[in-house]
Amino acid sequence: MSVMPVVLWTDGLVFLLLALIGAFVLYASRHEHMRAPWRRVVRSRVGVATIVVLGFYVVVGLLDTVHFRLALDRQGDNGAETRYSPEVLSLLDLALSGLRERQEKTYSAPFATHLFVKEAIEQPDGTLLRDYPRLEYGGAHLEDPARQRGFDIAWRAAWGALQGLVIWVVLAAGILWLIARSRGETSAATRAAILAGRTPIPWRTALIMLGIMLVLSAIAGELALKYHILGTDKVGEDVFYQTLKSIRTGLLIGTLTTLVMLPAAVLLGIMAGYFRGWVDDVIQYLYTTLNSIPGVLLIAAAILLLQVYMSNHADDFASLVERADLRLLFLVLILGVTSWTGLCRLLRGEALKLREVDYVQASTALGVGHFTLIGRHILPNVMHIVLITLVLDFSGLVLAEAVLSYINIGVDPTMNSWGNMINSARLELARDPVVWWSLTAAFVFMFALVLAANLFADVVRDAFDPRLKGAR
Amino acid sequence: MSSDVLLEVSGLTTLLGDAARPVRVVDGIDLEIRRGETFVLLGESGCGKSMTALSLMRLLPPSGRVAAGAVRLAGTDLLRLTEAEMRQVRGGRMAMIFQEPQTSLNPVMSVGDQIAEAVRVHEGGSRDRTPARVVELMRAVGIPDPARRVDEYPHQLSGGMKQRIMIAMALAGDPQLLIADEPTTALDVTIQAQVLRLLKDLQAKTGMAVLLITHDLGVVAETADRLAVMYAGQILETATTDAFFAAPAHPYSRKLMESLPGADKRSARLAVIPGRVPHLDQAFVGCRFAERCYAVMPRCRDQAPVWRDLETGQGVRCHLWDQAGGQPEGLTRGVGDAAAAPETALEGAPDPEAAVAPMLQVRDLKVHFPIHDGVFRRVVGQVRAVDGLTFDLTPGRTLALVGESGCGKTTAGKGILQLTTPTGGSIRYLDAELVGLGHRRMRPFRKDLQIIFQDPYAAMNPRMLVGDLIGEGLQALGIERSRAARMRRVAELLDLVGMDSDAVDRYPHEFSGGQRQRICIARALAVEPKLIVCDEPTSALDISVQAQILNLLKDLQDRLGLAYLFITHDISVVAYLAHEVAVMYLGRVVECGRVDEILDDPRHPYTRALLSAVPVIDRAKRRRVIRLEGDMPSPSNPPSGCYFHPRCPDAVAACALSYPEETRLSTTRLVHCLRV
């Protein structure tokens, strides 16, 4: 099956971000002063556990970032140009095509076999009965749902758990073999060391966490084949699918925003602190002014402007996905514009301090030029602040997306995001009986991501904080 | 006799760090401190002095613990007390003052409240008497006008005053023993003399014993009754002060004394102790000093020396004393060695009387920092850090810029290199005027003028390899463009300053303070300068390491014909290294001339007071300390007339009217004083 790759704007930025991270890893691995704190990160138990959790999120997000258009079935096979479907799909969509396509009519509760609302059902004898109709897909394989459902779910969960365990054992054995080889030991010795928790990197914690995540994913995957494990929404779409699709949006807002604001914050911050004088004045006035405009106002204005533009130039967008993507990009940009001031202020203070340090004075005395000096002496010595700020900001931005979407100035309403899910839950919560699962699903996934990111940020902060070196 | 002993420490062992690989910071020390005496614990940094004091107070950091031994304070074993009982002892029977008065006081509490806190803890009950007691304590430590000072905050007081407040707090509980951990290291010599005097007076009045921890042999000579020399967690020697300075029993003590710079050693190299203090996380087999000892014997390396009491009342831990009777011959070996190697420092230098054109002429240099205030940040005043500095520097010679902290000597050094922009005056290097040159136009002169900083830890970017650090100037000034040639040159430079060339691929933090200072010197030398501004290059180093660096600087001057502008507050270093001296007070030179003229016959009252405050080992050379009242005035608001007149013991009415013109006493000598 031939495909046409589609690179959306945000995809491109994600790839750029990956390239930058790759370059940074390469740089860090060659410099002991960068390697040492990261070593402290991976040697902390909280650090590795959160890395595993974040890893699952990142994998889902990346799968959802590779976009393409599938070829339509060829009508005439000779010479005719292949025609592609107008629908832009991602690898994740493909992997979850079952979930995506099994659409019900409207709301249904998690693991339900019947719809959540009564409908008039035509009986075989022609009479109409108002009852909860059977779902088209959810639990459709059961003949007598009331009796079989509990057992079926338990059995499938167990089967999923078993699959998860098998995958885990295979993976763990592979990792074990790799560790044993790099340490030059027998596998048995390495296994004993890991089990006793004697390895410098807490592999025991990492593997347990990996096991938990794998088993949970396998159970969810197995159950999702036959049920809507988190129910369906108003138009009958699977909530589990929506939640997984929202991961990309959350991650993107959290990471791309910092990517966008980083050059401005770092450059202006260091320049203000290093050159002082009128440069400092200009930059300070710039960010104080920007800081005193309410961020939400700025974001709302920018998004509304974009909306007007998009409705006037509807032809410029090939698909709904591209439209939504542009709006996401715009949101990222405008969030970047409003959020660089904090880091800039921090860096200005640090640069003010560093420019008086003896080694900066010494290289001034040696005639080193201003920009070489900044690149060689100041930038590497503020890098830890940049890193700490990035990881601390991440969770704040993920939450900001939810808030902005809730007040309708966030991402496009057609785009899957936790904010949009929460926004639609506003009406659902007012219903009687309450539709609680959209909100809960969004909450649980977002909570897990933000909690992991916050814990990870704490570990990174501690590892990079020079004052905590050797403490504990 | 035994009732005379106040504190008895036996076999005290303190471990630091995790149990698997503990660092034995204090390793079985025995001490006795008698009532009313001053006992000094002497040693270089990292030898466990402070840890001993903290162990006595049971104030060790969380990772530290006392593993063995007993500490008896007048019969009570302190190590067996509960924490609640110990709190009564701390500050009550035993009090401590720390090195850094700045950080030991709470900046948001008035000093009166802080003293009152200590008073209440130990006197309890009668609260209405507390204010009176606070004033009484402040008067006891010599704070003028205590009733008014009670409400002041630490930032309103000078360093010496803060240390006095700390002492007042320590005295609140009428301690029997006062532990002073380097109480004067952070202070200027004139203030140091005040504080040491105060401690002596208090001791005479209250009869308390003082355990003084220091690395300064001069302070030891002036204050101690008895002393112990500490090295690598052990005590190597105990003696009475007189016996110690007459004939130190341990090779280490002997070398320490020889490595002190001074005028009498000018023509010779200073003795150095090779190597560095060993790490304490290892198990020692032989003598801990064996690796660095000049009198080392085979048995020193595999047999730990035992403690030996000598007839003179001294005690020593050294194999040299194993043979009974008399002074061992090995001890004196090597003492003459250093002096025997004649150096040509003075002879090699250009004759001062010969008319050599000065290479650097500084005239009326001013560096003022504006004080901004208000909404529009208007300039409301100037901090006159350097206020009319004038001197000449001839090639191949050393001019020492001497003064207390805050007198503007560091700013002057930076101003000459245009690292701080001068406000006025003129700096002529050869035929060019440096004042007013921008970043770019200054570049041609960067090659000739270099700087070495005080703190070798802050002077190197921790993120760069040593090779890149030293090669930075070569690259920036385009002297060696290819990396290979640069690295070759770096290796030569490392060799020149006495370091292995494998240092190139290492980071600065892997080196000790002395090695780092060598690297800094190599960096300055890389561009082949003619003049180096040395900004207190040895004041952050231990005595033995200081000797190595001073020797190196002297060698380099002889070999490369460098001129040094040597900024320092340490008179003994000046006496050893400098050819000319300029004494600074509040941004101006008050007196300048040849080193022997100034040191032997100071004419300005400030120079006289400064020199008299320097602790001297040799009792015969000791001068009567001229006590200066008060502190140096703020450079933002200098006094009228002669800047020194408010503190000057010889001031007359005319001194307050105008700044005295220079008085030329000889061809080389200038003084700014009306009374000369």
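Numbers below:
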{"item": "On Cα atoms only, tilt of A:437-464 relative to the major axis of chain A in degrees", "result": "20"}
{"item": "Positive dipole terminus of the protein assembly as shown, leading residue within A:Leu290, B:Val590, A:Thr249 (C-beta point charges)", "result": "B:Val590"}
{"item": "Zero-based 20 Å bins, Cα pair distances in chain A, whole percents", "result": "19, 47, 28, 5, 0"}
{"item": "Net charge dipole size for the protein assembly as shown [Lys, Arg +1 and Asp, Glu -1 on Cβ; Debye, nearest 20]", "result": "780"}
{"item": "Ellipticity estimate at 222 nm from DSSP helix runs (n ≥ 4, -39,500 (n - 2.57)) divided over chain A, nearest 500", "result": "-23000 deg cm²/dmol"}
{"item": "Charged-residue dipole, Cβ positions (Lys, Arg, Asp, Glu), chain B about Cα centre, Debye nearest 20", "result": "1100"}
{"item": "Partner lysines for A:Lys105 [C-alpha distance under 22 Å; skip if fewer than 8 residues away on the same chain]", "result": "A:Lys118, A:Lys226, A:Lys234, A:Lys245"}
{"item": "Part-to-part distance (alpha-carbon centres) for the stretch B:154-197 and the stretch B:212-226, which is given in Å", "result": "15"}
{"item": "Whole-Å semi-axes of the protein assembly as shown's equivalent ellipsoid (Cα gyration tensor)", "result": "70, 38, 31"}
{"item": "Estimated FRET transfer efficiency (A:Val434, B:Thr82; beta-carbon r; R0 45 Å; 0.05)", "result": "0.15"}
{"item": "DSSP H segments from chain B that extend 20 Å or more along their own axis, Cα-based, with Kyte-Doolittle mean of -0.5 or above", "result": "B:189-206, B:543-560"}
{"item": "Three-way shape label, the stretch B:87-183, alpha-carbon gyration tensor, a/c 1.5", "result": "oblate"}
{"item": "Estimated distance in nm for a label pair at A:Tyr309 and B:Thr185, the labels positioned 7 Å out from Cα along Cα-to-Cβ", "result": "6.3"}
{"item": "Peptide A:365-377, shielding by other chains (average Cβ, 10 Å cutoff)", "result": "6"}
{"item": "Inter-label distance for B:Arg301 and B:Arg619, nm, one decimal - labels placed 7 Å from Cα along Cα-to-Cβ", "result": "4.2"}
{"item": "Residue order, fewest to most surrounding Cβ atoms within 10 angstrom, among A:Lys118, A:Lys105", "result": "A:Lys118, A:Lys105"}
{"item": "log₁₀ of I(q)/I(0) at q = 0.09, 0.12, 0.18, 0.20 Å⁻¹ - the stretch B:525-676, Debye sum with one point per alpha carbon", "result": "-0.35, -0.60, -1.18, -1.33"}
{"item": "Once exposed loop chymotrypsin sites (Phe, Trp or Tyr not before Pro) are cut out (DSSP; at most 16 other Cβ, 10 Å), longest piece of chain A", "result": "A:1-316"}
{"item": "For the stretch A:311-411, the fraction of alpha-carbon pairs in successive 5 Å shells from zero, as %", "result": "2, 10, 15, 15, 12, 10, 9, 8, 7, 6, 3, 2, 0"}
{"item": "Label-point gap, in nm, between A:Ser29 and B:Ser666 - each point 7 angstrom along Cα→Cβ", "result": "7.0"}
{"item": "Net dipole in debye of the stretch A:142-224 [+1 Lys, Arg Cβ; -1 Asp, Glu Cβ; about Cα centre; nearest 20]", "result": "460"}
{"item": "At R0 = 25 Å, FRET efficiency that the Cβ-Cβ distance of A:Ala36 and A:Arg276 yields, to 0.05", "result": "0.20"}
{"item": "Filtered trypsin sites (Lys or Arg not before Pro), the stretch B:421-479: DSSP coil and at most 16 other beta carbons within 10 Å", "result": "B:Arg440, B:Arg441"}
{"item": "Dipole axis of the protein assembly as shown (+1 Lys, Arg; -1 Asp, Glu on Cβ), positive-most option in A:Gly419, B:Gly436, B:Leu137", "result": "B:Leu137"}
{"item": "All-pairs Cα distance distribution in the stretch A:142-224, expressed in whole percent, bin size 5 Å", "result": "3, 15, 19, 17, 12, 10, 8, 6, 4, 4, 2, 0"}
{"item": "Distance from the stretch B:58-73 to the stretch B:131-150 (C-alpha centre basis), Å", "result": "35"}
{"item": "The stretch B:578-601 and the stretch A:292-369: distance between their alpha carbon centers, rounded to Å", "result": "57"}
{"item": "Convex hull of the stretch A:184-283 built on C-alpha atoms - directionally averaged projected area, nm²", "result": "13.8"}
{"item": "CD proxy at 222 nm, helix term only [per DSSP H run n ≥ 4: -39500 (n - 2.57); per residue of chain B; nearest 500]", "result": "-8500 deg cm²/dmol"}
{"item": "Lysines with Cα under 22 Å of B:Lys366, excluding same-chain neighbours fewer than 8 positions away", "result": "B:Lys409, B:Lys414"}
{"item": "Dipole of chain B [Lys/Arg +1, Asp/Glu -1 at C-beta], most positive-end residue of B:Leu81, B:Pro175, B:Ile452", "result": "B:Ile452"}
{"item": "Per-residue Cβ neighbour rank within 10 angstrom, fewest leading, B:Tyr606, B:Tyr564", "result": "B:Tyr564, B:Tyr606"}
{"item": "C-alpha long axis of helix A:320-354 to longest principal axis of chain A, angle in °", "result": "30"}
{"item": "Reachable lysines from B:Lys621, criterion Cα separation under 23 angstrom, eight or more residues apart if same chain", "result": "B:Lys200, B:Lys255, B:Lys265"}
{"item": "For the stretch B:262-269, Karplus couplings with θ = phi - 60° (6.51, -1.76, 1.60), whole Hz, Gly/Pro x", "result": "x, 5, 5, 9, 3, 7, 10, 7"}
{"item": "Tail beyond 36 Å, pair distance distribution of chain B (Cα, percent)", "result": "46"}
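Read-outs throughout are calculated quantities, based only on the coordinates presented, and are distinct from any laboratory measurement. Please read all numbers here as calculations on a predicted model, not as lab measurements. FYI the Cβ positions are ideal-geometry reconstructions off the backbone, even for glycines, and counts take in every protein chain you see.
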